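The structure appears below as structure tokens.
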Amino acid sequence: MSDAETTSASGRELWKSLAQRENPDPFEEFVRREYPSQIHKFMDPPERREFLKLMGASLALAGVSASCTRQPKETILPYAKSPESTIPGKPLYFATSMPWSRGAIGILVESHEGRPTKIEGNPDHPASLGATDAITQAAILGLYDPDRSKAIKYRGAIRTWDDFLTTLKQAMTAQAAKQGAGLRILTDTVTSRTLLLQLRDLLGEYPAAKWHQWDPVNRDSARDAFQDRAACQYHFDKADLVISLGADFLGEGPESTRATRDFVRKRKAGAASSPSNRLYVVEVEPTRTGAMADHRMPLKPSQFEAFADALLGYDHSLPSELEPWIATIRKELAAHPGRAIVIPGECQSSFVHYAADRLNRYFDNMGKTVELVEAVEWESVDESGSLADLVADLNKGAVDLLVILGTNPVLTAPADLDFARALDRKEGAPLRVHLSLHEDETSDLCDWHVNEAHFLEAWSDARAADGTSGIVQPLIAPLYGGKSSHEIVAAVQNKAGVSGHDLVRETWQHRHAGPDFEAWWRRSLHDGVIPHTASVTRSAPSAGPLLPDIGPSDQLELVFRPDPTIWDGRFANNGWLQELPKPITKLTWDNTAQVSPATAARLGVENEDVVELELDGRKVRAPIWIVPGQADETVVVHLGYGRTKAGRVGNGAGFNAYALRTTKAMWSASGLKVTKTGDKQKLSCTQEHDNMEGREPVRVATIDRFRKEPGLFRAHEGHEKEGGASLHAPHAKGDYSWGMVIDLNACTACGACVAACQAENNSPIVGREEVRRGREMHWIRVDRYFEGEPSHPEVHHQPVPCMHCENAPCELVCPVGATTHSDEGLNEMAYNRCVGTRYCSNNCPYKVRRFNFFLFQDFETEVTKLQRNPDVSVRSRGVMEKCTYCVQRIQETRIHAEKEGRKIADGEMRTACQQVCPAEAIVFGDIADPKSAVAKQKSDPRNYGLLEELNTRPRTTYLAKLKNPNPELLDGTGEHEGKSR
Amino acid sequence: MSQVFHPSTNTLSKVTIFGGVFFLGAVAWAANEIFRAPWITEVNVAREQPVPFSHKHHVQGLGIDCRFCHTGVEDSSFAGIPATKTCMGCHSQVWKDAPVLEPVRESWRTDRSIEWTRVHDLADFVYFDHSIHVSKGVGCESCHGRVDEMPLTWREHSLNMEWCLACHRDPAAQLRPRDEVFTMGWDPEKQASPVSQRELGEELAREYHVKKLTNCSTCHR
């Protein structure tokens, strides 16, 4: 590939991967084969259904002659007694909340005849506003996980609930005599009011008992920066200036959904007329937040405290390229009093939190863009300290009965505590009870394992990050008779007969006493939000003064991060999340030791080299992945992988980074040693294929330049306008002309669209090996481009669904007419006509078509069938498929409107990707209606079509990305942004 | 030199070649017949059911409206099969000890469904919606035939794609006023002011905004 190809028309250098940039030849060969590699061997472990498939295939062939077209007999099973308000064939939606230790997210769950199939955001819930993140989308698959624990077990043997209660009662009788001195309860961070009250009640009854909380991704350091259980709440919609000190607030955790909505709304307003917000990010590895930044600087973890202290006005020796930053940021903060936010990352030290708090107070942001509110957890404890106490007690033999609710400490506890040893079945060990969704690493070492009810199966309540509580109501009776934490605690209190429903109801009856409780309760259930429960502002003093701990920063540093898709490991057995490409690396199915290009060169390692990471004598083997834009001399590892008891999907994926994590260094540590082992480990990355060959697929400019030259993004426009010259016959025009616009200024690459599409359209997962061959089945992908120097590139994201070209190249080459054009502009697939020639995919310039090379769909596992959307065909082997613009939703909306004798209103029809998008980056509608939102966006000067020079006339177009850099920093050193503009 | 082939070979080869054409034609014809025959389409084949339910008795004899049992037909894609509770509404009083109704009573006692055999069974990749057809003036009878004359229920039409498309290409041939959708045996030419189906259908198509819908995604998703 020559320079001319990698450099685009405007002279910007765009590249997708280091391999392509530095050594184009093998890369080009890889790209030329559209679906690289042949059928070497069939499957890897996640595709365990192979044997059955072959058996099924031969049976089917045997049956061909006998019954090729006669339909099998089918039965209809009507209800015996029809449930209230159910109309078979029409889904119902129920409001509930997905509990998460850092704050719940309110959701609406679609239910088909009692079978939950799809999660949507709850527009009335403050943490959702109608959107969700990718993890919440995938939670529905967690419900139907075939590896979920299905029974109560005592040391591996199946027991009944009554057996368990008998044992528990005996143990509790012994405890009653000594006021519970030997009773320990270990939970996740508790955000459920009901569970809090239950535990308080229990501790009142047994005053000597102890309750410990442990969550591997906790907010211990933020907690230490404030007194009085306070936490910061940020209002990005009011902030013109955001300074992120290592905070991935647009990407990490359940609170990112709301933050994204607020931040992007402000940014979009800036693209129109009012001043845009400006985002400065210092961070270790490039994150989704860093990719949105106007100025981004990689920084080693050990330098954060010095950087924060320098912002406070103290002198520190910082890397030279940071010098202009300190002055500029301070100047900017002073220029935006009350309109700025300094946000520290949850993983940052207490001092960074303290410094950010000082800056927010000093520059008058406190009470305006930043508020101090009650923390989301009901009882704030130092969680690593809490767990350490428990381990000490266990080792002393002071514990007689340990009840672990939900959490998996054997996997997640810091390595120095050696929780597994403390829990081991040795002489004098306590009775250990573990409640969990899977028989996981902890269950294995416990006496009793109780199968937990999924949050879609049980009653509870949960608190959002802003304090708003919502009722968690079950959508379905427990599939395997699972129990909730509430029921276990009730059993400990010898109240086993009380149902979860009664416990939750009782909690709120206390809160809302009065004759109208029933109506109030029903309204709260219906809305999914309990009114007037949001945290109120409080004026907590900061814990300070703290002093920075400036250590040497010349060593190799190790950084721990929660994984962007499987979080702390609890979602490891979720195939959708395993196969969802990580936002920056585009890796699937594995975690890696991420290093910067310079550090890789110094260490002499390449991608996929297996190295040994050694920290304080603890060793782990990990494959290398080189990440442009990461701070030099750092190694970033993601938690949650390397599980041994996750299930068929999660077992054996990646390495266990918890093995290096200690209570001293929860998020970063220095003194890491990296040794090459000489081994290679193949990684599955979606980055290298579907390349777009330096044609400037993402168009970017600064706001200033765009204001001066509004026509700048239309430079490529030629004959490809509608009505222009074309060899194609014009298509008939229907009632609507569907089209989509994706705003690249808004997209944060959260991946929620990919997960939502997978849930809505019954897309299968394909497994690690098949991803490596480029056979992933996502109908929408998020492409990631780098621009500029590998040490410090800008990152651009671009979601790519089917473009629904008006002159669609795929339609012309289909020999069987399986892909056709509708009069509303949809490029349609009739799966039953497809014979699998793959000509269409060959001829698609966007590479958005997906082919079922194998029977990727799981037709054998009964329980996963319950998740499928009944409105979309489940595709089999040998069939091409692709984005349909959610045609099932179009038809449903059309039928609804036609029955009312009207046209579909603008905004009434939303695609799955559009509905879930926290950034509102996707707009869909009738482009023929000039008043529609999508038509207005199509007339925006930023609107452009991908590869529009091919005259495909895509119906999906993009709004160019605008950046709002500070001109002062552009002239300075260390910044490359001004290079091409 | 003697000829390798006997002169009769000429005739034989002609017969073979032309005969082959006719043979292929015959195979095509036979296949066509078989695919449209009741053996495949199950047209006019009464299906065995756990209870020999007679639409004729309930509709023609008792005058019960379609919607009394098929409650979803105006709201949902699925017209709905009545819950056992609907049956028991009458049959806890009427014929309450009839042996033939034992499966109904059993379902009521055990809260388990009656397993009816599907009569109108579209392929799983076809997404049909009852409610929109009803609201656009397509009578039950147009697809299901004279259900009021069926002692046991059978399929009146093949439900082949060509049959669906015939109407989707020319809806006017089947439309009737909305308030006659559930009437059995309705005929526009036998009304007080007779009108031809063509004339009425075209007028109704305009009034109800009925279009020719032949995009693949209308039915296949």
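Checked against a 25 Å cut-off, the cross-linked pairs A:Lys169/A:Lys210; A:Lys266/A:Lys938; A:Lys882/B:Lys211; A:Lys938/B:Lys211; A:Lys153/A:Lys426; A:Lys268/A:Lys936 give Cα-Cα distances beyond that limit for A:Lys882/B:Lys211; A:Lys938/B:Lys211. For the stretch A:509-641, the relative contact order comes to 28 percent (Cα pairs under 8 Å, sequence separation of at least 6). Across the options A:Ile119, A:Val700, A:Ile326, the greatest Cα extent toward the positive end of the charge dipole of chain A (unit charges at beta carbon of Lys, Arg, Asp, Glu) belongs to A:Ile119.
For A:His212, the residues 5 or more places off, or on other chains, whose built amide H falls under 5 Å of its own are A:Ile185, A:Leu186, A:Thr187.
For the stretch A:429-499, the list of chymotrypsin sites (Phe, Trp or Tyr not before Pro) that fall in a loop by DSSP and count at most 14 other C-beta atoms within 10 angstrom is empty.
Report the rotationally averaged projected area of the stretch A:218-283 based on its alpha-carbon convex hull, in square nanometres. So the Cα hull casts an average projection of 5.0 nm².
In order along the stretch A:391-400, the phi-based Karplus estimate (6.51 cos²θ - 1.76 cosθ + 1.60, θ = phi - 60°) of 3J(HN,Hα) comes to 5, 4, 4, 4, 5, 6, x, 7, 10, 9 Hz; Gly and Pro are listed as x.
For the stretch A:327-425, the mean projected area of the C-alpha convex hull, equal to one quarter of the hull surface, is 9.0 nm². Using only side-chain charges placed at the Cβ, +1 for Lys and Arg and -1 for Asp and Glu, the dipole size of the protein assembly as shown relative to its Cα centre rounds to 1560 debye.
Between the C-alpha center of the stretch A:425-473 and that of the stretch A:543-596 there is a gap of 25 Å. Listed values for the stretch B:187-195 are Karplus-derived 3J(HN,Hα) couplings in whole Hz (6.51 cos²θ - 1.76 cosθ + 1.60, θ = phi - 60°), namely 9, x, 8, 10, 8, 4, 10, x, 8, and x replaces Gly and Pro. Mean sequence separation of contacting Cα pairs (under 8 Å, at least six apart), scaled by the length of the stretch A:334-448, corresponds to a relative contact order of 20 percent. Peptides B:155-163, A:398-406, ordered by how many other C-beta atoms sit within 10 Å of their residues on average, highest first, read A:398-406, B:155-163. Summary of the geometry: the stretch A:308-376 and the stretch A:191-210, compared by the centres of their Cα atoms, lie 38 Å apart. A dipole drawn for chain A from +1 and -1 charges on Cβ atoms has a positive end, and of A:His792, A:Thr160, A:Asn607 the residue lying farthest that way is A:Thr160.
Here, P(r) means the percent of Cα pairs in each 20 Å bin from 0 to the largest distance; for chain A it is 13, 46, 35, 6, 0. Comparing B:Trp108, A:Gln175, A:Val399 along the charge dipole axis of the protein assembly as shown, the residue lying farthest to the positive side is B:Trp108, per the Cβ-charge model. Scaled against the 2.2 N^0.38 Å expected of a compact globular protein of N residues, the Cα radius of gyration of the stretch A:863-981 reads 1.50. Per the Debye calculation on the stretch A:395-495 with a single equal scatterer at every Cα and no solvent contribution, log₁₀ I(q)/I(0) for q = 0.11, 0.12, 0.16, 0.18 Å⁻¹ amounts to -0.40, -0.48, -0.79, -0.93. Translational diffusion coefficient of the stretch A:146-286 (Stokes-Einstein, Kirkwood radius from Cα pairs, 4 °C, 1.567 mPa s): 65 µm²/s. Computed as a quarter of the hull surface, the mean projected area of the alpha carbon convex hull for the stretch A:62-193 stands at 16.0 nm².
The mean number of partner chain beta-carbon atoms within 10 angstrom of a residue's beta-carbon across peptide B:77-84 is 6. In this Cβ point-charge picture (+1 for Lys and Arg, -1 for Asp and Glu), the stretch A:642-687 has a dipole of about 80 debye about its Cα centre. Quotient of the Cα radius of gyration of the stretch B:65-156 and 2.2 N^0.38 Å, N being its number of residues: 1.22.
Note on the stretch B:110-221: Cα Rg divided by 2.2 N^0.38 Å, N the number of residues, gives 1.19.
Partner shielding of A:824-835 amounts to 3, given as the average count of beta-carbon atoms from other chains within 10 Å of each residue beta-carbon.
Take every pair of alpha-carbon atoms less than 8 Å apart whose residues are at least six positions apart; their mean separation over the length of chain A yields a relative contact order of 16 percent. Take the Kirkwood radius over Cα pairs of the stretch A:767-822, plug it into Stokes-Einstein at 20 °C and 1.002 mPa s, and you get 147 µm²/s for translational diffusion. Protection proxy ranking of A:663-671, B:102-110, by the mean of other Cβ atoms within 10 Å over each peptide's residues and highest first, is A:663-671, B:102-110.
Taking the Cα centre of chain B as reference, the dipole from Cβ charges on Lys and Arg (+1) and Asp and Glu (-1) amounts to some 420 debye. Scoring A:611-621, A:116-126 by mean Cβ neighbours within 10 Å over their residues and listing the highest first yields A:116-126, A:611-621. Peptide B:107-120 has a mean of 3 when you count, residue by residue, the C-beta atoms of other protein chains within 10 Å of its C-beta. Close amide-amide hydrogen proximity is noted between B:Arg155 and B:Asn44, B:Val45, each under 5 Å apart and 5 or more residues distant or on a separate chain (H modeled in the peptide plane; Pro and chain starts excluded).
None of the figures in this text is laboratory data; all of them are computed from the coordinates on show. Small disclaimer: the values here were computed from a predicted structure and weren't measured. Virtual Cβ from ideal backbone geometry, glycine too; neighbours counted across all protein chains shown.
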